[in-house]
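Coordinate-derived values only; no laboratory data. In this text the structure is predicted, and so the values were computed from the model without any measurement. Glycine gets a Cβ as well: all are built from the backbone with ideal geometry, and neighbour counts include every protein chain shown.
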């Protein structure tokens with residue numbers, strides 16, 4: 001590539017406020033010469049607009065009295081020169097020439113729109129936006145630390161950010177040209193600036209040029225950046241090469257011509273290209289593979305593309321016939337492809353007293369290597385995680401470049417409007433991403449349209465939950481503010497802050513991403529869960545209280561597997577949601593206490609008078625280690641068959657049977673633990689058990705009759721009834737009944753409470 005320095009007189013680089021008329025005339029003459037050269041590159045295009053743009057830029061530079069770091073006119077010409085060799089359209093060239101003048105304030109965007117149309121205006125505006133991002137990247141101390149430490153995982157979002165800032169791919173090309181020209185002009189800058197810019201270009205813009213397939217720019221960017229970052233190492237490798245780039249390129253051309261002639265004699269149709277390995281790539285290969293310079297045989301290389309596989313091996317034989325093969329430097333990736341699918345023949349020979357690598361493959365193999373799974377930017381850069389969306393955009397960018405090049409190769413460069421073709425190529429619907437800076441300077445990727453609240457939840461769930469305010473670029477904004485690429489976001493939080501349900505309302509615009517919405521819903525579900533657990537525990541406690549069962553006497557975790565839930569809390573949630581019925585839970589409690597409700601109901605035997613019999617069998621109670629001992633059921637708690645019980649050895653009345661949770665039993669066994677004995681019920685009750693219940697109801701005629709009918713319908717025997725009517729019209733009835741277990745008692749109390757006028761029905765124990 002011929003640079004602008006070789007095309008323009010020196011006066012174009014020396015324009016200042018002291019410029020004379022003679023200097024201006026020489027500059028104008030140099031401009032005409034440069035335009036002629038560009039027309040030759042673009043196959044005779046008229047370039048009227050580019051000429052007008054260049055003349056305007058030159059006039060504005062001559063008129064200004066402000067000292068700029070670089071000459072706006074020469075910078076614009078230099079950028080356009082780089083782009084001309086990429087065969088871009090005239091609008092892109094015009095925007096490149098105008099860019100630096102607009103950036104320095106010599107020309108306004110409004111003037112560009114009026115004089116050169118919307119296309120050029122849009123390109124300049126997009127490049128300015130990308131330039132602003134570039135400045136933010138340069139000033140970002142966090143990113144500079146990543147540059148210094150070569151932390152690639154923290155830098156992967158930078159070139160994504162640069163590409164996402166515009167929907168026109170030509171803007172990316174203009175920015176690459178600007179960075180290339182800036183690096184060329186960096187020789188007079190301070191060492192600190194040289195190193196900072198070189199790190200930025202080596203980390204961001206060189207990989208971007210590589211991924212776009214612009215090899216010439218990539219090589220130049222890498223070599224220049226390497227020269228500023230490691231000047232001694234650069235000079236060492238350059239000395240080892242011992243030849244100028246021009247000489248190396250002439251050598252490659254000689255080899256290509258000779259090989260073409262030999263292949264043609266054997267009727268092998270082939271396309272041959274060559275390249276000379278640049279200094280930075282040599283350094284990188286020596287470092288990565290721990291090789292010396294003498295061990296590199298691919299400094300010079302040619303690639304041969306043929307129609308089919310037999311021609312590959314035929315061409316290989318011809319190459320070895322022409323030049324001497326270097327031993328142990330042959331790889332057959334056609335027979336044995338690489339893991340990524342790459343296929344080709346690689347050999348190294350001594351051609352004209354210099355080592356030369358020759359790659360031979362078919363056209364299909366080449367397409368797969370360049371655009372398939374094994375494409376360069378997927379396997380040579382060592383990326384572990386592939387961003388398919390970003391790679392698709394890169395392919396679109398490369399397609400646009402190929403479109404420009406093919407257009408130039410097949411037809412003259414005309415001024416016809418081909419915007420429809422370009423729009424068809426660059427389909428960006430799938431790349432709805434924005435890139436913003438966090439408070440610390442890290443880059444965050446978010447879907448387009450994300451708000452600051454979406455950003456907060458992207459950082460961390462707790463940051464989103466505790467968020468109460470946000471600042472964008474040091475300015476307070478509402479939580480509904482829609483973020484744009486390149487903005488810096490700071491989230492303000494409070495410890496006692498909780499999410500608002502309004503955040504979930506779509507019409508209010510607080511959140512736009514599914515990720516944030518899911519986190520919010522999860523938080524509210526957790527809150528609802530806590531409330532449901534509380535309500536469920538109240539329901540269960542009420543039922544257990546009605547049955548005179550202490551809540552601590554049962555462990556809900558014991559029943560989790562039966563109801564196919566993870567924990568006892570899930571059972572409580574199920575009670576509220578209706579997934580688990582209270583009746584089913586009580587039944588399972590009964591079964592756990594060896595009361596099987598599925599068994600046919602037993603015929604109840606009359607209750608035994610405790611004074612008549614005090615044997616274990618009479619009460620259906622088993623006491624560990626004791627037989628035929630006198631016992632009695634304690635009146636303080638009156639345990640029912642199925643409840644957890646324990647025995648206490650009294651001084652003169654044998655063993656008293658209590659509920660485990662009975663306060664008297666706990667007190668006595670704490671004081672004299674040696675008197676406590678284990679007790680349990682027999683598997684099946686052999687008789688009814690006396691239970692006292694109390695019913696509170698509004699007094700009316702026939703109340704007792706209705707209640708007794710309900711009790712008799714369950715085949716429950718009533719042993720005693722005591723009714724007291726209060727002056728306020730409330731009746732309190734105490735009934736002594738015989739039941740066979742908790743399930744029957746629970747079912748009865750529930751039915752009683754369903755009767756008209758009944759306030760409550762519950763089990764009564766001593767002390768209640």
Compute the Rg to Rh ratio over segment 689-764 from the alpha carbon atoms, using the Kirkwood formula for Rh, and round to two decimal places.
-> 0.94
Could you give the length gained on full extension between residue 635 and residue 671, defined as 0.36 nm per residue of separation minus the Cα-Cα distance, in nm?
-> 10.9 nm
Sort the following peptides by mean Cβ neighbour count (other Cβ atoms within 10 Å, averaged over residues), highest first: 30-37, 493-500.
-> 30-37, 493-500
Work out the FRET efficiency for residue 521 and residue 190 from their Cβ-Cβ distance, taking R0 = 56 Å, and round it to the nearest 0.05.
-> 0.55
Simple spin-label estimate for residue 732 and residue 460 in nanometres, 7 Å along Cα-Cβ = 5.8
With label points set 7 Å from each Cα along the Cα-to-Cβ direction at residue 514 and residue 664, the distance between them in nm comes to 6.5
Please give the FRET efficiency for residue 118 paired with residue 36, using the beta carbon to beta carbon distance and R0 = 41 Å, rounded to the nearest 0.05.
-> 0.90
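For segment 433-512, what is the relative contact order in percent, using Cα pairs closer than 8 Å and at least 6 residues apart in sequence? Provide the component values of the computation, followed by the final result.
Values: 151 pairs, mean separation 27.3, N = 80.
Relative contact order of segment 433-512: 34 percent.
Which of 433, 354 has the fewest other C-beta atoms within 10 Å, and how do the rest follow up to the most?
Lowest count first: 354, 433.
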Net length gained if the chain between residue 764 and residue 261 were fully extended (0.36 nm per residue, minus Cα distance) = 169.8 nm
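Sort largest first and round to whole Å: the equivalent ellipsoid semi-axes of segment 517-556, each the square root of five times a Cα gyration tensor eigenvalue. Don't skip to the end; give the middle numbers.
Values: eigenvalues 185, 16, 4 Å².
Working through the eigenvalues yields semi-axes of 30, 9, 5 Å.
By per-residue mean of other Cβ atoms within 10 Å, what is the highest-first order of 514-520, 299-305? Spell out each step's value before the answer.
On the way: 514-520: 17.1, 299-305: 21.0.
Final packing ranking: 299-305, 514-520.
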Protection proxy ranking of 532-545, 76-89 - average other beta-carbon atoms within 10 Å, highest first | 76-89, 532-545
By the gyration tensor of its Cα atoms, with a ≥ b ≥ c the square roots of the eigenvalues, what is the shape of segment 433-512: rounded for a/c under 1.5, prolate for a/b over b/c, or oblate?
-> oblate
Please arrange 346, 121 by counting, for each residue, the other beta carbons lying within 10 Å of its beta carbon, fewest first.
-> 346, 121
How high is the FRET efficiency from residue 678 to residue 307, r the C-beta distance, R0 56 Å, rounded to 0.05?
-> 0.05
Residues 529, 103 in order from fewest to most other beta-carbon atoms within 10 Å are 529, 103
Simple spin-label estimate for residue 562 and residue 754 in nanometres, 7 Å along Cα-Cβ = 2.1
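What is the gain in length, in nm to one decimal, between residue 287 and residue 326 on full extension, counting 0.36 nm per residue of separation less the C-alpha to C-alpha distance? Spell out each step's value before the answer.
Working: separation 39, 0.36 × 39 = 14.04 nm, distance 2.26 nm.
Length difference between fully extended and current span is 11.8 nm.
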